[in-house]
1. Pairs, please: C-beta under 6 Å, at least 6 apart or cross-chain, first residue under 21 Å from Gly136 (Cα atoms) and in contact (Cβ under 8 Å) with a residue 60 or more places away in the chain and in region 369-387, second more than 9 Å from the ligand (Cβ to nearest atom) and of a type in the set (Lys, Arg)?
2. Over 30 Å from Gly286 (Cβ atoms) and either outside any helix (DSSP H, G or I) or within 11 Å of the ligand (Cβ to nearest atom) (or both): does that describe Ile381?
3. If only one of Ala331, Ala335, Ala394 is assigned to a helix (DSSP H, G or I), among the small types (Gly, Ala, Ser) and within 16 Å of the ligand (Cβ to nearest atom), which one is it?
4. Within region 151-171, can you find the residues that are outside any strand (DSSP E or B) and either within 15 Å of the ligand (Cβ to nearest atom) or hydroxyl-bearing (Ser, Thr, Tyr) (or both)?
5. Considering every residue within region 245-255, establish whether at least one is open to solvent by 10 Å² or more (accessible area, probe 1.4 Å), touching a strand residue (DSSP E or B) at 6+ places or on another chain (Cβ under 9 Å) and closer than 30 Å to Lys187 by Cβ.
6. Return the pairs, sorted by first residue and then second, in which the second residue is among the acidic types (Asp, Glu) and surrounded by 24 or more Cβ atoms within 10 Å (Cβ to Cβ), the first residue lies in region 97-113 and is over 11 Å from Thr127 (Cα atoms) and touching a residue at least 40 places away in the same chain (Cβ under 8 Å), the beta carbons are less than 6 Å apart, and the residues are 6+ apart or on different chains.
7. Could you check region 172-225 and list, in sequence order, the residues that are within 12 Å of the ligand (Cβ to nearest atom), under 20 Å from Gln107 (Cα atoms) and in a loop (DSSP other than H, G, I, E, B)?
8. May I ask you to say which residue of Arg121, Arg112, Arg87 is surrounded by 20 or more Cβ atoms within 10 Å (Cβ to Cβ) and either outside any helix (DSSP H, G or I) or more than 12 Å from the ligand (Cβ to nearest atom) (or both)?
Amino acid sequence: MASKDEFVDLSTMDFDISDAQAALLERVDKACKEIRPIEDKCYLEDRIDTQIIPIFAKAGLLGLVVPREYGVGQGVDAVTYALAAERIGQEGLGPAAFFSVHTALCQMTLARWGTEEQKQRILIPATKGDSILAFGLTEPSAGSDPASLTTSFEEKEGKFIVSGQKTWISLGSTAKWVLVFAYPRGKKDGMCAFLVDTESEGFEAERIKDKLGLRTSDTSTLYLDRVEVPREDLLGPQGKGLAVALSGLMDGRLGVAAGCVGVAHDCLDESLRCAGKRSENGELVGNIQSIQKHVGLMSMNLEAARLLTLRAAYMKQRYEDHGEDKESRDAVDVATTKAKYFASNAALDAADRGTQVLNAAGLSMENRCARHFADARVSIIFEGTNEILEQKIALGLLGKNFGAYS
Ligand SMILES: Cc1cc2nc3c(=O)[nH]c(=O)nc-3n(C[C@H](O)[C@H](O)[C@H](O)COP(=O)(O)OP(=O)(O)OC[C@H]3O[C@@H](n4cnc5c(N)ncnc54)[C@H](O)[C@@H]3O)c2cc1C
């Protein structure tokens, strides 16, 4: 007979929310209730919602992932973070994108790669909402393959002079600091990551208007014309910019996945509300079998998306707590990729089904499902398109020699 030690100890799988998590989620819920009417209004008026920033800051949500020694940092674990991000996602992918970009994509990257001086100067104000962070990787001709970017820098008198264009950058016009990735001029290796002050001479941001979804979220094109970056604003070791970018994307995908779980959750709630309230020919629509099928499938997908996301969060936390070796990093990378892929599809599917449950009313932008439908389409594209993520998952199985991009 096999000894007990040969089995994974399933007693460590704990799905209960702790008292500390419940208290935090109450705080998140309160902030979310405060932002809902503002978000609704901004969405219908096609306006960027910046009022979210002081509300999240007051609730302490902008310091959640930052270690306690920095500003109002709370150093929560990745599972707790994912639970908070799911609640924010229920308010829409706009707030979820803001939260994910500022905290997961940028703060986690800065906390991982930044010098002590950078953390004091840049991370602390970001925990208080006094300054916002953005992640500038994508360019007009470099999206799925970040290694093909053309933004470049030269070194002059101890400074870096950065020139190029970045596009589709979330929070690009709102941010005080943008993480900008660039190659040494004329080279295709030795990428560097820079913390670029958006108030620098030669830096300009222009908002992208009339997007299909994410109307309350700032997405911008950034122009850098010989922007001077002091040496102390190099992020991570010189030449390690691609590693910085990839670690940011790994963390960012967890934030997006959790936000998408929230979107799917809200679509199910809206559908159940409608099914239990609206009648058709004297009969509540919840009695119609096709409506029952929609809500049943939404519920299954929601649970599967949540479990994949929480598992990825758990693995990420374990990786960070137990020393960051390459094998576990790769495993976390694949786990967050699966979570983002599945949760974004679940969000889009739930928004589609929710719109069908609400039917004609579901097409009005006054309705949350219609807005989720437009927003969730974006989640299939950003933080790695789902086609690229399919490949990433396959490479986890086949080995990296099979990759389309190096
Ligand atoms: C609202 C929004 C916010 C964003 N925020 C940010 C941000 O904050 N920071 C940032 O840096 N970027 C951001 N992005 C950019 C986003 O990450 C890119 O759009 C995405 O990575 C895809 O790049 P691309 O649009 O250039 O498409 P491309 O890379 O040109 O791809 C075009 C199509 O070809 C497919 N494709 C490409 N290569 C392959 C391949 N090898 N195999 C199979 N299919 C392939 C893609 O899946 C896609 O369908 C944002 C985008 C949006 C829409």
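1. Listed by first residue and then by second, the contacts come to Glu383/Arg253.
2. On the way: over 30 Å from Gly286 (Cβ atoms): yes; either outside any helix (DSSP H, G or I) or within 11 Å of the ligand (Cβ to nearest atom) (or both): yes.
Taking the combined requirement at face value, the residue satisfies it.
3. Within the list Ala331, Ala335, Ala394, the selection yields Ala394.
4. Filtering region 151-171 for residues outside any strand (DSSP E or B) gives 151, 157-158, 171.
Matches in region 151-171: Thr151, Leu171.
5. yes
6. Ala104/Asp251; Met108/Asp251
7. Gly172, Ser173, Thr174, Ala175, Ser217, Asp218
8. On the way: Arg121 fails: surrounded by 20 or more Cβ atoms within 10 Å (Cβ to Cβ); Arg112 fails: surrounded by 20 or more Cβ atoms within 10 Å (Cβ to Cβ).
Checking each option against the conditions leaves just Arg87.
The values are calculated or read from the model by the stated rules, or taken from the named source; none is laboratory data. These numbers were taken from a predicted model, which means no experiment stands behind them. Neighbour counts run over all protein chains shown; Cβ positions are idealised from the backbone, glycine included. Ligands, DNA and RNA are excluded from the accessible area calculation, which covers all protein heavy atoms including side chains. Shrake-Rupley method; radii C 1.70, N 1.55, O 1.52, S 1.80 Å.
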